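Worksheet for the structure shown next.
The values are calculated or read from the model by the stated rules, or taken from the named source; none is laboratory data. For clarity, every value in this text was computed on a predicted model and none was experimentally measured. Note that each Cβ is placed from the backbone with ideal geometry, even for glycine, and that neighbours are counted across all protein chains shown.
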Amino acid sequence: MPVDQQEVAEVYARTAQTTVISKPMLLVRLYDRLALELELADAYIGASDPAKANSSLQHAQKIVHVLRSSLDPDGFEGGQTLLRLYNTLVELLVEANLHKDAETVARCREIVAPLRDAWTEAVAREMQVNDVSGSLDVG
């Protein structure tokens, strides 16, 4: 059965859109998980469970390392500032883990929350724009 060119074009367009959207969505998911790990670490510190607090704080550090390694600090205005924030966040996470300090975890959460909110909003806006432009009949 021959493949219709229109079908191929539609599949390609859907795949391209999904690929473009998936990278920003991954970023949002990383921030979501980072926020969860900080919340868990705070709860474990409060419950005097240092092993679980350690696990959550180490996972949070790994997430920040992934975020930092995927950042092109010279690729956009504010990139260097974001890099410094990531570096500060790693230092605070190490400190929080060494001392099992809920106040330091709270400082980390204060840094992460607005970043998470901003990326979530930006990706939602971009998806809405893509949905609108994808639904326009240009033919």
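Residues that are hydroxyl-bearing (Ser, Thr, Tyr) and surrounded by 16 or more Cβ atoms within 10 Å (Cβ to Cβ) were ranked within region 76-110; the one that is farthest from Ala47 (Cα to Cα) is Tyr86.
The set of residues in region 53-86 that are under 14 Å from the mean Cα position of the chain (by Cα), closer than 19 Å to Asp101 by Cβ and of a type outside the set (A, V, I, L, M) comprises His59, Gln61. Of all the criteria given as (1) at pLDDT below 95; (2) in a helix (DSSP H, G or I); (3) of a type in the set (D, E, K, R), the one not satisfied by Arg109 is (1). Against the definition (surrounded by fewer than 13 Cβ atoms within 10 Å (Cβ to Cβ), at pLDDT below 95 and outside any helix (DSSP H, G or I)), how does Pro73 come out, yes or no? Answer is no for this residue.
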